[in-house]
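Below is one structure, written out as structure tokens; comments come after it.
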Amino acid sequence: MRATQDIARPLGATWDGRGTNFALFSANAEKVELCLFGDGGLKERARIALPERTGDVWHGYVKDIGPGQLYGYRVHGPYDPERGHRFNANKLLLDPYAQRLSGRLALSGIHFGYRYDDARGDLSFDMRDSASQMVKAVVVAPITSPIHVRRPSIPWADTILYEAHVKGLTILRQDVPPAWRGTFRALGSPAIVRHLKSLGVTALELLPVQAFIDDWFVTQRGLTNYWGYSTLGFFAPEPHYAAGDPDHILRDTVARLHDAGIEIILDVVYNHTCEGDHLGPTLSFRGIDNVSYYWLRPGEPRFYENFSGTGNALNLSHPAVLQMVVDSLRHWVDIFHIDGFRFDLAATLARGAEGFDAAAPFFAAIRNDPTLTGVKLIAEPWDVGPGGYRAGGFPAEWSEWNDHFRRTQRRYWRGDTNLLGEMARRMAGSDDVFKRASRGPRAGINYVTAHDGFTLADAVSFARKHNAMNGEDNRDGENNNDSTNCGVEGATGDEDILKARQQLRRNLMASLLLAHGVPMLLAGDEAGNSQSGNNNAYCQDNEIGWVKWTGLGCDGEDLMPLIGRLTELRKRFPQLRSGRWLDGRHEDGSHDVLWLTREGAEMTAEDWNTPDGRFLSYLLGVEENGETPLFIVLNSGPKCVRFTLPPMRKFDEWIAVLNTASRKTDELVYRIGSVLQSPAKSVLVFAGAA
């Protein structure tokens, strides 16, 4: 694009080869000044009032300004918190559309729009200039993408997600070049690619990589914002994940993973920003146009609606804020070739004046955008505001985190009773949650662990959280984890307890990968990674939060062979990744699923309601000619259970293809009607044979 005069679109800084056009949205500002900085960003060398205002966009064209120029804004207007306005031109503000950042922000009192130590709190006013201690935006040259980009384009039915933290996944990998560890580049290293491929992973889902800051309340405890859920810049990669040009490095990393057939999903945080509540710092949005960007309390605009639990919530019902989010998503797809997004606390994104709106403009904007219609969309389908739990309530093109699955699986395998019906629903895709309109089983993202909560090793080693290291007196994090310690809290040398924990890990992983829906693994679970009972390691940028690969985890054995076997079974048997809901026996006598007793008969209402029921078995029929049926046995009880191999149409024998209680991989053959024993706390899988 070439600009001969200033223009209102696009927003941000746009270089045309001769100069740069700057455009900033603010509906309530009285004046906007562009501040230009010299090398290093310490000295402000020019301050230019943007001369034009088109609608609510302030803009101006500056000749002879090009890539590498550091800049920020000072936005003038009323400082009147009780009316919702928090303009303070003494505070240098980051361009919301900044594509690259310079400097690392270390929050201090100077970054607050009010006198941090004043008894009047945010009703006071701070006149100190924050520019020397503020991160700067950088003008960048337009990035031209290749005409043809090779994307894996994995169908949802074949997708296996792997949730990971850029640094946590790679910092302790001895087979990754030392200079790459903890950075984007490490993700595309041969060692990480081989590891993901050996697990059968098709999509790497990364915790936030959009530029973020260390929260004030975290730094005051000597900790850092490790997870990254405090976004400062929605268009810029986090600089400390790249030693060098972050745009080039991230694009190269994505290309390497694409070449290996692995997609990249980004965890994005558009529900709130890093500026916190009314006592938070003034870094960007708050000082640009607080009333437009945030949800403010009706009748009390000094205070913020806190749908996110972090102090503020972005107001996507405002057209300019919605446009920023859509522009940001499009930027990551167009420039970095990202394959999809997981939306943190996604219910907030669809809120309107009356609460969550299933027909919200946010959904329509994505649905109608040609760049975004083909990407994977995953919702964390809740927030902490009124009516915020919306699991099952997202549009048909979306998938959603299925917390019902995690809760049921953990309770079932620790030995809870009265769960047969619940367990059956989870293994069949959770139709009670997601079956509506044109949605299929892929609507549910199944998981037994995620970054938020216990790791797999800790879920079978701790009955309660141990978050004292977070500095919040163990108040943070979930209290009800549906976990078990198998008799001893934490580390132990008791061989029987270690074997019991290992078996539970194997069962949970098997149930996850055998269930209908889209499975998501947590990085490190395959290696027995423990966080020492910390179920909220958001501030632990250390060996608590990092994946520990040395010694293969807590009990000396990893689950990689089992996971590889399970993902191979998903590929081998289409009925494990069916796009259709299971509905039982059909009128012609065929069936897609039969739920069976241990004697091989179809379950009755009485069987489903057995008070101490811990045995569940079911027959998955074929979907097309040439396929073979599957028989799956889930025994969460403490004793062996005798069961009968059921009859099949057109098949005479069953082949044992999985037994989580045995390390042997021999595929033994049995006649139909054979009576076998299911080991205590085990998963068995049999495939039909002619």
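The values are calculated or read from the model by the stated rules, or taken from the named source; none is laboratory data. Keep in mind that this is a model prediction, so the values were computed, not measured. Glycine gets a Cβ as well: all are built from the backbone with ideal geometry, and neighbour counts include every protein chain shown. All accessible areas refer to the heavy atoms of the entire protein, side chains included, with ligands and DNA or RNA removed. Shrake-Rupley method; radii C 1.70, N 1.55, O 1.52, S 1.80 Å.
Can you name the residue in segment 291-337 that is touching a Gly at 6+ places or on another chain (Cβ under 8 Å) and farther than 17 Å from S230 by Cα and, of all such residues, is surrounded by the most Cβ atoms within 10 Å (Cβ to Cβ)?
Among those that are touching a Gly at 6+ places or on another chain (Cβ under 8 Å) and farther than 17 Å from S230 by Cα, it is L296.
Out of all the residues in segment 166-182, which are in a loop (DSSP other than H, G, I, E, B), open to solvent by 20 Å² or more (accessible area, probe 1.4 Å) and not hydrophobic (A, V, I, L, M, F, W, C)?
Passing the criteria: R173, Q174, D175, P177, P178, R181.
Filter segment 86-127 for residues that are in contact (Cβ under 8 Å) with a residue 24 or more places away in the chain and part of a helix (DSSP H, G or I); which is most open to solvent (accessible area, probe 1.4 Å)?
Out of the qualifying residues, it is L123.
Please state which of the following conditions V149 fails to meet, knowing it meets all the rest: (1) closer than 22 Å to G564 by Cα; (2) β-branched (V, I, T); (3) surrounded by fewer than 20 Cβ atoms within 10 Å (Cβ to Cβ).
Condition (1) is where V149 drops out.
Mind listing just one residue for me: the one in segment 362-374 that is open to solvent by 20 Å² or more (accessible area, probe 1.4 Å) and assigned to a loop (DSSP other than H, G, I, E, B) and, of those, farthest from Y294 (Cα to Cα)?
Step by step, filter segment 362-374, then rank; the result is G374.
Could you run through segment 45-60 and say how many residues are open to solvent by less than 40 Å² (accessible area, probe 1.4 Å) and in a strand (DSSP E or B)?
Result for segment 45-60: 5.
So, A463, is that one modelled with pLDDT of 95 or more and not in a loop (DSSP other than H, G, I, E, B) or not?
Considered against the rule, which asks whether it is modelled with pLDDT of 95 or more and not in a loop (DSSP other than H, G, I, E, B), A463 comes out as no.
Residue-wise test of (1) touching a strand residue (DSSP E or B) at 6+ places or on another chain (Cβ under 7 Å); (2) farther than 19 Å from L521 by Cβ; (3) at pLDDT below 95.
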| site | (1), (2), (3) |
| --- | --- |
| S145 | no, yes, yes |
| I154 | yes, no, no |
| L161 | yes, no, no |
| H165 | no, no, no |
| A179 | no, yes, no |
| L196 | yes, no, no |
| E205 | yes, no, no |
| A211 | yes, yes, no |
| L232 | yes, yes, no |
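Could you pull out the residue among R442, R475 that is outside any loop (DSSP other than H, G, I, E, B), open to solvent by 10 Å² or more (accessible area, probe 1.4 Å) and over 17 Å from D525 (Cα atoms)?
Going through R442, R475 in turn, the sole match is R442.
Of the residues I154, I143, I192, only one is within 22 Å of D541 (Cβ to Cβ), of a type in the set (V, I, T) and either touching an Asp or Glu at 6+ places or on another chain (Cβ under 9 Å) or open to solvent by 20 Å² or more (accessible area, probe 1.4 Å) (or both); which?
Sole residue among the options that is within 22 Å of D541 (Cβ to Cβ), of a type in the set (V, I, T) and either touching an Asp or Glu at 6+ places or on another chain (Cβ under 9 Å) or open to solvent by 20 Å² or more (accessible area, probe 1.4 Å) (or both): I192.
Give the residues of segment 449-469 that are of a type outside the set (A, V, I, L, M), touching a strand residue (DSSP E or B) at 6+ places or on another chain (Cβ under 9 Å) and under 17 Å from N507 (Cα atoms), sorted by residue number.
T449, T455
When only residues in segment 582-594 that are assigned to a strand (DSSP E or B) and either surrounded by fewer than 19 Cβ atoms within 10 Å (Cβ to Cβ) or of a type in the set (D, E) (or both) count, which is modelled with the lowest pLDDT?
R585
Tell me, which strands (runs of 3 or more DSSP E) lie completely within segment 222-309 with 3 or more residues that are in contact with a His (Cβ under 7 Å, 6 or more places away or on another chain)?
Hits in segment 222-309: 300-304.
So which pairs qualify, if the first residue must be in segment 61-85 and open to solvent by 40 Å² or more (accessible area, probe 1.4 Å), the second must be in a loop (DSSP other than H, G, I, E, B) and charged (D, E, K, R), the Cβ gap must be under 6 Å, and the two must be at least 6 apart or on different chains?
Between residues of segment 61-85 that are open to solvent by 40 Å² or more (accessible area, probe 1.4 Å) and residues that are in a loop (DSSP other than H, G, I, E, B) and charged (D, E, K, R), the close pairs are Y61/D6; H76/E30.
For segment 230-245, give me each residue that is over 18 Å from E543 (Cα atoms) and either open to solvent by less than 30 Å² (accessible area, probe 1.4 Å) or among the basic types (K, R) (or both).
S230, T231, L232, G233, F234, F235, A236, P237, E238, A242
Among the residues of segment 606-654, write down those that are in contact with a Ser or Thr (Cβ under 9 Å, 6 or more places away or on another chain), surrounded by 16 or more Cβ atoms within 10 Å (Cβ to Cβ), among the hydrophobic types (A, V, I, L, M, F, W, C) and within 26 Å of L508 (Cβ to Cβ).
Listed by number, the residues that qualify are F615, L616, L620, F631, I632, V633, L634, V641, F643, L645, W654.
Scan segment 386-421 for residues that are within 24 Å of A157 (Cβ to Cβ) and open to solvent by 10 Å² or more (accessible area, probe 1.4 Å) and jot them down.
Across segment 386-421, the qualifying residues are A391, G393, P395, A396, E397, D403, H404, R406.
Pick out the one residue from A359, A350 that is open to solvent by less than 40 Å² (accessible area, probe 1.4 Å) and out of contact with any Cys (no Cβ under 8 Å at 6 or more places or on another chain).
From the options A359, A350, the qualifying one is A350.
How many residues are farther than 18 Å from I655 by Cα, in a loop (DSSP other than H, G, I, E, B) and not hydroxyl-bearing (S, T, Y) when one looks only at segment 599-625?
Number of matching residues: 11.
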